[in-house]
1. If you rank 126, 76, 178 by fewest surrounding Cβ atoms within 10 Å, what's the result?
2. Helix 147-157 versus the longest principal axis of the chain: what is the Cα-based angle in degrees, 0 to 90, to the nearest 10?
3. Compute the angle between helix 11-22 and the longest alpha-carbon principal axis of the chain, please, reported from 0 to 90 degrees and rounded to the nearest 10.
4. Inverting the mean 1/r over all pairs of different Cα atoms, compute the Kirkwood radius of region 46-151 and quote it in Å.
5. Can you give me the Cα centroid spacing of region 42-116 and region 238-292 in angstrom?
6. I'd like the projected area of region 130-245, averaged over all directions, using the convex hull of its alpha carbons. Report it in nm² with one decimal.
7. Take every Cα pair under 8 Å in the chain that's 6+ residues apart, average their separations, divide by the length, and report that relative contact order as a whole percent.
8. Please rank 101, 209, fewest neighbouring Cβ atoms within 10 Å first, as an exposure proxy.
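Taken together, the values in this text are just the output of simple stated rules run on the coordinates, not laboratory data. On a predicted model such as this, the values are computed, not experimentally measured, just so you know. All Cβ positions, even for glycine, are placed from backbone atoms using ideal geometry, and neighbour counts span all protein chains on display.
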């Protein structure tokens with residue numbers, strides 16, 4: 001029997017573990033892949049208070065080592081379900097706790113086209129602020145129509161020679177102020193009513209094929225493609241135990257309670273207005289302290 005089981009070893013999950021361990025609780029962290037979550041892929045983190053600049057890998061490793069030194073037990077197993085009695089079943093066994101914190105995060109939504117996975121890190125990126133400097137003075141494309149895509153295109157326009165902005169509609173979903181700023185950039189070319197349907201290249205990305213809504217296709221030579229079509233949570237396995245919204249995020253207010261007593265949520269996996277490193281660690285600390293307080297009352 002554990003005091004707290006945490007599902008996910010990203011910043012939210014590891015921060016929850018840190019707070020619980022410092023309260024002398026017995027903690028198990030379950031992680032399907034590797035510690036760190038999405039932040040581990042960030043080349044630089046420069047918006048975390050008190051740390052001027054750090055790589056995502058170094059930040060995640062520091063946090064991981066911090067909880068390990070406090071005696072955190074971490075098992076690399078895939079969680080298959082969480083049961084009413086707070087029993088957590090994985091592909092290797094089952095574990096029980098007084099409280100469960102779900103911190104499974106979210107993943108960048110993929111285009112799901114051929115070679116996309118092959119070209120990640122070799123022309124395909126999901127984070128402009130992380131990888132823009134690799135494409136200095138080169139030609140890139142951004143696909144998407146929301147705030148992230150527009151902000152990425154603006155950011156890249158100050159670093160790259162040419163930026164193609166590809167969107168499946170003729171209007172952007174982004175806030176008006178971003179769209180207006182976008183229009184002031186002379187090196188951004190709009191490619192509207194079109195989708196990226198194919199990727200070309202050998203060892204790295206060399207060009208993309210776009211398909212217009214009228215079925216005409218066109219090849220655009222690029223050095224990089226930044227995919228900014230949103231994120232998606234991986235909460236399907238929890239739908240029978242906690243409430244999810246229509247997009248699959250776990251419903252919870254800032255107190256991180258789910259609709260199930262003793263089960264909490266932290267980080268990008270939950271409904272929230274801002275998904276950043278700072279909000280993830282805030283959620284983790286709140287989830288752990290709330291769980292401890294309620295299990296002791």
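1. Numbers: 126 21, 76 14, 178 17.
Fewest to most other Cβ atoms nearby, the residues stand as 76, 178, 126.
2. Tilt of helix 147-157: around 50 degrees.
3. Relative to the chain, helix 11-22 is tipped by roughly 20 degrees.
4. Numbers: mean 1/r = 0.0551 Å⁻¹.
That comes to 18.1 Å for region 46-151.
5. Here the answer is 14 Å between Cα centres.
6. Working: hull surface 38.1 nm².
In nm², the orientation-averaged hull projection of region 130-245 is 9.5.
7. Values: 676 pairs, mean separation 61.8, N = 297.
So the answer I get is 21 percent.
8. Ordered by Cβ neighbours within 10 Å, fewest first: 209, 101.
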